[in-house]
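*Asks:* Shown below is the structure under consideration.
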Amino acid sequence: MSRIGKKVIPIPANTKIEFNSNNITVSGPKGTLTRQVSALADLEITREYILVKNIDESRRAHSIHGLTRTILNNMVVGVTNGFKKELIVTGVGYKVEEKGNTLIFSLGYSHPIEFVLPKGITAKIDRQKIMRIILEGYDKELLGLTAAKIRALRAPEPYKGKGIQYSDEHIMRKAGKTATKAKK
């Protein structure tokens, strides 16, 4: 049995949960999320908590157990508190502007790139010493996918570190051609 799957998911007072057949809907102050739960997982729902149980002792049911619990926990946390992801834009002349729900990137290409944010995701741009894009949303999966698509517009390169990177990401830097010539 999964150690993660054994933990109960506490339900905050301002969150409403509906479960019929294999669909679960979680509603809270930030929004509403709906997901289909695997038939190999059984849910015990009370007013205070959700407990995920296995239907049987098969290997497949064990592998679904912890995953189902984590997905449901992310749904509950997302609709009550929300999630946040930070990206850093590094490079001379690289900039980001926001226009409504669209981000306009200047990343060294011959044209600006327009990125339309999906519904449920908001962006703030912080232009202090380092240009940061702060993405917020209640769906963790959609937030991570959006951040990955933005990062893919100009992934950080290993020589100068220019590009878009996650705030907690460390880029392994390489020495250029001149560093090898100096050693000889």
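The values are calculated or read from the model by the stated rules, or taken from the named source; none is laboratory data. As the structure is a prediction and not an experimental result, all values here were calculated from the model. Here the Cβ is made from the backbone with ideal geometry for all residues, glycine too, and neighbour counts use every protein chain on show. SASA here: full protein model, heavy atoms, side chains in, ligands and nucleic acids out. Shrake-Rupley method; radii C 1.70, N 1.55, O 1.52, S 1.80 Å.
*Asks:* Calculate, for Val8 and Thr34, the FRET efficiency according to 1/(1 + (r/R0)^6) with r their C-beta to C-beta distance and R0 30 Å; round to the nearest 0.05.
*Replies:* 0.90
*Asks:* Percent of accessible area on the chain owned by carbon and sulfur, 1.4 Å probe? It would help to have the intermediate numbers written out before the result.
*Replies:* Numbers: 5970 of 11710 Å².
Its accessible area is 51 percent carbon and sulfur atoms.
*Asks:* Order 71-80, 27-36 from most to least packed using the mean count of other Cβ atoms within 10 Å.
*Replies:* In decreasing order of mean packing, 71-80, 27-36 become 71-80, 27-36.
*Asks:* With a cut-off of at most 11 other beta carbons within 10 Å, and DSSP calling the residue loop, which chymotrypsin sites (Phe, Trp or Tyr not before Pro) in segment 8-83 qualify? Please list them.
*Replies:* none
*Asks:* Looking at segment 120-184, which GluC sites (Glu not before Pro) are in a loop (DSSP not H, G, I, E or B) and have at most 13 other Cβ atoms within 10 Å?
*Replies:* Loop-located and lightly packed - Glu169.
*Asks:* Still on this structure, I have one more. If you bin the C-alpha pair distances of segment 82-184 every 10 Å from 0, what whole percents do you get?
*Replies:* That works out to 14, 45, 27, 9, 4, 1, in percent per bin.
*Asks:* If I histogram all Cα-Cα distances within the chain using bins 5 Å wide from 0, what percent of pairs lands in each bin?
*Replies:* Over the chain, the share of Cα pairs per 5 Å bin runs 1, 7, 14, 14, 13, 11, 10, 10, 8, 6, 3, 2, 1, 0, 0 percent.
*Asks:* While we're on this one: Taking the Kirkwood radius as the inverse of the mean 1/r across Cα pairs, report the Rg/Rh of segment 37-105.
*Replies:* 1.27
*Asks:* Heavy-atom accessible area per residue, segment 1-125, 1.4 Å probe: how many Å²?
*Replies:* 60
*Asks:* Something else about it: Whole-Hz Karplus ³J(HN,Hα) for segment 161-170, in order, using 6.51 cos²θ - 1.76 cosθ + 1.60 and θ = phi - 60°, x for Gly and Pro?
*Replies:* Values per residue, Gly and Pro as x: x, 6, x, 10, 9, 5, 5, 9, 8, 10 Hz.
*Asks:* Taking segment 52-126, which GluC sites (Glu not before Pro) meet the DSSP loop condition and have no more than 11 other C-beta atoms within 10 Å? Don't skip to the end; give the middle numbers.
*Replies:* Values: sites: Glu57, Glu86, Glu97, Glu98, Glu114; in loops: Glu57.
Those that pass, being in a loop and sparsely packed, are Glu57.
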